[in-house]
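Notes for the one structure printed next.
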Amino acid sequence: SCEADVCPCLCRGENYDSLCLRPAEEEEGYARPVFECNALCQCGESCQNRVVQRGLQCRLEVFKTEKKGWGLRALEPLAKGRFVCEYAGEVLGFNEARRRIQAQTAEDSNYLIVVREHLHSGRIMETFVDPTYVGNVGRFLNHSCEPNLFMVPVRVDSMVPKLALFAAADISPGEELSYDYSGRFHNVPIMHREQEPVEEENRLRKPCYCGSRTCASFLPWDSSLFST
């Protein structure tokens, strides 16, 4: 396993503890980047800093939900912080992402995810992932306004991140898995004013059926992809 004081991937601290993601400092409102060991490292495949790159390691099941179409649930206990799966798909540029988003209809079941990383320098890195044509089991995950997963960009052999989903709490067998499509930082609560619907925007948005206490009534969307 890599030593934190030697491996450049761990120079800002270790990422995992017993294969579970270390908690972020929520009071700071940001998370440090996660770099896993890669082809340039001297460690082997058993290194504790190689988690997401190993792929799916837990038993999951695709099932039919009552209102939300297909869903995904756990078939075994998942500890808080455990890596569950990647949200995989085509990595798009902004123009192609905007074209596809504008062409979507209410009947489309897959969700084009937009992840924005705000760097210390003020620069914003954007990643657009569409699982419609190329994807994995992550495409069956539904949105929830009170999700039990959260998304973290994890880099391995490229600066293009893998969108990794981790357990936000201990998850029981049979429990449906969900995440917030808006990509909120570690699922911290959204202020009420941020959830207030805008009538013009809501014409284009899909309804949310998560049934949570804080349900915003509509799925998140990125208005910048509709601007001209």
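Show the residue pairs meeting these rules: Cβ distance below 8 Å; 6+ apart or different chains; first residue within the stretch 152-173 and touching a residue at least 60 places away in the same chain (Cβ under 8 Å) and more than 21 Å from L10 (Cβ to Cβ); second residue among the small types (G, A, S) and in a strand (DSSP E or B).
I171/A74; S172/A74; P173/A74
Those residues that are of a type in the set (S, T, N, Q) and either surrounded by 10 or more Cβ atoms within 10 Å (Cβ to Cβ) or at pLDDT 80 or above (or both), I need them from the stretch 102-122; list them, please. Full working, then the answer.
Here is the first cut: in the stretch 102-122, the ones of a type in the set (S, T, N, Q) are 102, 104-105, 109-110, 121.
Those that are of a type in the set (S, T, N, Q) and either surrounded by 10 or more Cβ atoms within 10 Å (Cβ to Cβ) or at pLDDT 80 or above (or both): Q102, Q104, S109, N110, S121.
Quick one: is V134 touching a residue at least 24 places away in the same chain (Cβ under 8 Å) and more than 27 Å from C215 (Cβ to Cβ)? Talk me through it step by step, then tell me what you get.
Details: touching a residue at least 24 places away in the same chain (Cβ under 8 Å): yes; more than 27 Å from C215 (Cβ to Cβ): yes.
The answer is yes for V134.
Name the residue, out of Q57, Q53, that is part of a helix (DSSP H, G or I) and at pLDDT 95 or above. Working first, answer last.
Numbers: Q57 fails: part of a helix (DSSP H, G or I).
Criteria check complete, one pass: Q53.
Taking interchain pairs and intrachain pairs at least six residues apart, which have beta carbon atoms under 9 angstrom, with the first residue in the stretch 36-51 and within 16 Å of F83 (Cβ to Cβ) and the second hydroxyl-bearing (S, T, Y) and crowded, with 17+ Cβ neighbours inside 10 Å?
Taking only residues 6 or more apart or on different chains, the pairs are E36/Y16; Q48/Y16; N49/Y16; V51/Y16.
Could you tell me whether F150 is among the hydrophobic types (A, V, I, L, M, F, W, C), assigned to a strand (DSSP E or B) and more than 21 Å from C215 (Cα to Cα)?
Numbers: among the hydrophobic types (A, V, I, L, M, F, W, C): yes; assigned to a strand (DSSP E or B): yes; more than 21 Å from C215 (Cα to Cα): no.
Criteria not met by F150.
Would you check if K64 is surrounded by 11 or more Cβ atoms within 10 Å (Cβ to Cβ), under 24 Å from D130 (Cα atoms) and of a type outside the set (F, W, Y)? Talk me through it step by step, then tell me what you get.
On the way: surrounded by 11 or more Cβ atoms within 10 Å (Cβ to Cβ): no; under 24 Å from D130 (Cα atoms): yes; of a type outside the set (F, W, Y): yes.
Against the criterion (surrounded by 11 or more Cβ atoms within 10 Å (Cβ to Cβ), under 24 Å from D130 (Cα atoms) and of a type outside the set (F, W, Y)), K64 does not qualify.
For the stretch 168-225, give me each residue that is at pLDDT below 60 and not in a loop (DSSP other than H, G, I, E, B). First the steps, then the outcome.
From the stretch 168-225, those at pLDDT below 60 are 187, 189-203; that's our starting set.
Within the stretch 168-225, N187, H192, R193, E194, Q195, E199, E200, E201, N202 qualify.
The values are calculated or read from the model by the stated rules, or taken from the named source; none is laboratory data. Source: prediction; values computed, not measured. Note that we place each Cβ from the backbone using ideal geometry, even for glycine, and neighbour counts take in every protein chain shown.
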